[in-house]
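Worksheet for the structure shown next.
The values are calculated or read from the model by the stated rules, or taken from the named source; none is laboratory data. Values in this document were obtained by computation on a predicted structure and should not be read as measured data. So basically every Cβ, Gly included, is an ideal-geometry build from the backbone, and we count neighbours across all protein chains shown. Quick note on the areas: whole protein, heavy atoms, side chains included, nothing else; ligands and nucleic acids left out. Shrake-Rupley method; radii C 1.70, N 1.55, O 1.52, S 1.80 Å.
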Amino acid sequence: MSVSAALSVSEAFSRRRELTFVDVRTPAEFASGHLPDSVNIPLDRIARALPELRKAAEQGPLLVVCASGARSENAVATLASHGIGASSLTGGATAWAAEGHGLDRPEGGPRAVWAMERQVRFTAGSVVLLGLALGLLVHPGFLSLSAAIAAGLVFSALSNTCGMAVVLGGLPFNQRGKAPLVGSSPSTRA
């Protein structure tokens with residue numbers, strides 16, 4: 001059965017038995033709540049997992065999931081460039097939960113971690129405010145810190161990549177709760 005570039009939550013839910021869910025969020029985001037039977041392969045590790053993903057795609061359709069759908073769209077594009085078909089979940093895990101479908105959370109797992117988009121907004125905003133404050137109170141040269149973040153945000157929007165997310169994804173609190181790269185068979189889903 002063919003899979004389109006994006007699936008709505010209702011389409012994904014109705015086809016959940018045939019799909020293999022690949023969650024591209026950080027391990028900590030994954031551990032704080034993910035679609036049942038998902039496999040966690042963070043976006044920055046997709047290239048290393050290509051052989052495993054190719055094999056999984058040969059067995060059935062892949063559905064790539066993140067928090068909102070942005071990272072999963074990037075992952076689908078990367079997979080397509082390597083000849084691996086996959087779809088993105090429109091709205092991500094947030095939309096899945098908003099439509100009343102459950103998210104799995106490991107027993108005694110880590111406390112909830114902010115979504116990567118929220119971490120990026122917080123960090124960017126904090127650095128901009130710091131640059132402005134230091135520029136006004138210490139030396140005008142610190143204003144370049146705010147300008148650098150602004151330039152990075154513009155580049156991020158134009159390139160649809162985010163260097164700050166890559167850096168934040170490597171921090172220890174985003175690495176807790178690593179999940180194995182092999183998931184259960186889609187046929188076991190209820």
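One residue alone among Leu130, Leu79 is open to solvent by less than 30 Å² (accessible area, probe 1.4 Å), part of a helix (DSSP H, G or I), aliphatic (A, V, I, L, M) and at pLDDT 90 or above, and that residue is Leu79. Please tell me if Glu52 is in contact with a Cys (Cβ under 9 Å, 6 or more places away or on another chain) and open to solvent by 60 Å² or more (accessible area, probe 1.4 Å). Spelling it out, it is not the case that Glu52 is in contact with a Cys (Cβ under 9 Å, 6 or more places away or on another chain) and open to solvent by 60 Å² or more (accessible area, probe 1.4 Å). Being within 16 Å of the chain's Cα centre (by Cα) and among the acidic types (Asp, Glu) is not true of Glu99.
Specify which of the listed residues (Arg105, Arg71) is under 17 Å from Ala6 (Cβ atoms) and open to solvent by 10 Å² or more (accessible area, probe 1.4 Å). Checking each option against the conditions leaves just Arg71.
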